[in-house]
Amino acid sequence: MRIERIELRKIHLPYVAMFETSGWRETGSHAIIVRMEAEGIVAWGEAPTGESPFYNEENQKTAWVIMQDYLAPMLMAADLASPWDVTPAFSRVRGNRMAKAGLEFTVWDLFARRAGRSLADLLGGVRDRVEVGVSVGIQKDIPTLLKVVGGYLDEGYARIKLKIKPGWDVEPTRAVRETWPDLRLQVDANSIYRLEDAAHLAELDAFDLLLIEQPLAHDDIFDHAKLKPLLKSPLCLDESIVSPDHARWAIEMNACDIINIKPSRIGGLGDAKRIHDMAQAAGMPVWHGGMLETGIGRAVNVALASLPNFTLPGDISANDRYFERDIVKNPFTLNSDSTLTVPTGVGHGAVVDEDYLDDVTIERWEVGA
Ligand code: NPG
């Protein structure tokens, strides 16, 4: 397959509520939306970049430049036998994985549409519904947190993740656990602690957590391997696992019990599936993270989360948890069993609302016929 046309759009789409982590705040999506044409087929993808490079090294501006100057020309020059050819075609560009992923997802959508298959089916998905939860940002105080969590539980979400940081960790987690003794609960530190904080982190062991996510540095595996025997709670890596090699190192070093897979962090669906398969062979569960995607990236995530080793609920909430109005015409709604239904139509299944996408587009660029 030869890609005939690539169009990129920078968007700004406000979130229903500000989202705060240990290191930054997100007030709206600053994603890059990708549209591609080949052989009369139109496909869509998303690089869920943020405004600032505070989660990883990329943001909307860096991805915009790298996609235009390097990745789009490489893709236009490639003759693709399958979507698996995209990652090797980009291999000379180091890092910049969100930028790569936005384009790679779109090529998977193109191939799925050409084959008349759903993306989930093309990836090897085995579920028609995926279990999901909500990631709850840092709140101003504990009463507000309990109100916010209670609201999501009333909506039907059966798993809650709390963002934590020094000064907002043991007490909020205790308050949520005491209020809902049976809740499936986990916490995420986004790389804010040091190995010296091990004894403090071990206080979280009292709360029967599904997992503690990424306590130490974003680029660390070594210290996580030292931390793991000091905790009873399962230890999960997110930021540290950016490639299949990083996953292999973490598994071989016994640095985690669980891996959070976000295909955008990893550079695409191909390498995300490789990590899924490697973890499965090692007997290690994975779950699907989220990067506050629009409905386009969300549909890609749901398809990937239908693979067999995604055995814990994902950070893939229904669209209305993020946006009053999304850029898709068919938002996901939450099923009564805290799941989202995996689309069965062709491609990832998101139907783009092109009028509203025009409204939220702040810059456009295109290459090709
Ligand atoms: O529901 O998409 C969601 C948010 C899940 O907490 C979540 N994402 O660190 O995992 C994270 C965090 C994140 C948000 C990461 C934005 C990167 C960007």
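The values are calculated or read from the model by the stated rules, or taken from the named source; none is laboratory data. Model, not experiment: these values are computed from the prediction. Counting neighbours? That spans all protein chains shown, and the Cβs are built from the backbone with ideal geometry, glycine included.
Can you pull out the residues in segment 150-166 that are under 16 Å from V16 (Cβ atoms) and crowded, with 17+ Cβ neighbours inside 10 Å?
Selection gives Y152, Y157.
Based on what the data block shows, is L183 among the hydrophobic types (A, V, I, L, M, F, W, C) and closer than 23 Å to V130 by Cα?
yes
Which of the residues that make up segment 2-24 are more than 10 Å from the ligand (Cβ to nearest atom), modelled with pLDDT under 95 and out of contact with any Lys or Arg (no Cβ under 8 Å at 6 or more places or on another chain)?
Passing the criteria: only A17.
Exactly one of (1) in contact (Cβ under 8 Å) with a residue 24 or more places away in the chain; (2) assigned to a loop (DSSP other than H, G, I, E, B) is unmet by K140. Its number?
The one condition K140 does not meet is (1).
Mind listing whichever residues of segment 148-172 are out of contact with any helix residue (DSSP H, G or I) (no Cβ under 6 Å at 6 or more places or on another chain) and either over 15 Å from L183 (Cβ atoms) or acidic (D, E) (or both)?
D154, E155, K163, I164, K165, P166, G167, W168, D169, E171
Here is a yes/no grid of residues against (1) part of a strand (DSSP E or B); (2) at pLDDT below 95; (3) buried (at least 21 other Cβ atoms within 10 Å of the Cβ):
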| residue | (1), (2), (3) |
| --- | --- |
| A299 | no, no, yes |
| I316 | no, no, yes |
| D337 | no, no, no |
| P343 | no, no, yes |
| A350 | no, no, yes |
| D358 | no, no, no |
| R364 | yes, no, no |
| V367 | yes, no, no |
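The conditions are (1) away from the ligand (no atom under 15 Å from the Cβ); (2) free of Cβ contacts under 8 Å to residues at least 60 places away in the same chain; (3) outside any loop (DSSP other than H, G, I, E, B), and L162 fails exactly one of them. Which is it?
(1)
Condition check: in contact with a strand residue (DSSP E or B) (Cβ under 6 Å, 6 or more places away or on another chain), surrounded by fewer than 24 Cβ atoms within 10 Å (Cβ to Cβ) and among the hydroxyl-bearing types (S, T, Y). Does S233 satisfy that?
Considered against the rule, which asks whether it is in contact with a strand residue (DSSP E or B) (Cβ under 6 Å, 6 or more places away or on another chain), surrounded by fewer than 24 Cβ atoms within 10 Å (Cβ to Cβ) and among the hydroxyl-bearing types (S, T, Y), S233 comes out as yes.
Can you find, within segment 220-247, the residue that is nearest to the ligand (Cβ to nearest atom) among those that are closer than 20 Å to F54 by Cα and of a type in the set (S, T, N, Q)?
The selected residue is S240.
Restricting to segment 277-294, count the residues that are on the phi < 0 side of the Ramachandran plot and within 12 Å of the ligand (Cβ to nearest atom).
Final tally of qualifying residues: 7.
Would you tally the residues in segment 27-42 being more than 20 Å from R97 (Cα to Cα) and within 15 Å of the ligand (Cβ to nearest atom)?
2
Test each condition in (1) free of Cβ contacts under 8 Å to residues at least 24 places away in the same chain; (2) more than 16 Å from the ligand (Cβ to nearest atom) for P308 and report the one that comes out false.
Evaluating P308 over (1) free of Cβ contacts under 8 Å to residues at least 24 places away in the same chain; (2) more than 16 Å from the ligand (Cβ to nearest atom) leaves (1) as the failure.
Considering segment 244-272 alone, what residues qualify as being polar (S, T, N, Q), touching a Gly at 6+ places or on another chain (Cβ under 8 Å) and without any contact (Cβ under 8 Å) to a residue 60 or more places away in the chain?
Hit for segment 244-272 is N260, nothing else.
Within the group P73, P88, which residue is in contact (Cβ under 8 Å) with a residue 60 or more places away in the chain, within 30 Å of L8 (Cα to Cα) and surrounded by fewer than 21 Cβ atoms within 10 Å (Cβ to Cβ)?
The unique qualifying residue is P73.
Quick check on this structure: which one of A217, A198, A202, A206 is away from the ligand (no atom under 12 Å from the Cβ), in the same structural domain as P143 (by TED's automatic domain parsing) and in a loop (DSSP other than H, G, I, E, B)?
A217
Just a yes or no: is a residue in segment 121-136 within 16 Å of the ligand (Cβ to nearest atom), of a type outside the set (S, T, Y) and part of a loop (DSSP other than H, G, I, E, B)?
yes
Since A81 meets every condition but one in (1) small (G, A, S); (2) assigned to a helix (DSSP H, G or I); (3) over 25 Å from P308 (Cα atoms), which condition does it not meet?
(2)
How many residues does segment 318-330 contain that are over 30 Å from I212 (Cβ atoms) and surrounded by 21 or more Cβ atoms within 10 Å (Cβ to Cβ)?
3
Scan segment 275-295 and tell me whether some residue there is surrounded by 19 or more Cβ atoms within 10 Å (Cβ to Cβ), of a type in the set (D, E, K, R), part of a loop (DSSP other than H, G, I, E, B) and at pLDDT 95 or above.
Yes, segment 275-295 contains at least one residue that is surrounded by 19 or more Cβ atoms within 10 Å (Cβ to Cβ), of a type in the set (D, E, K, R), part of a loop (DSSP other than H, G, I, E, B) and at pLDDT 95 or above.
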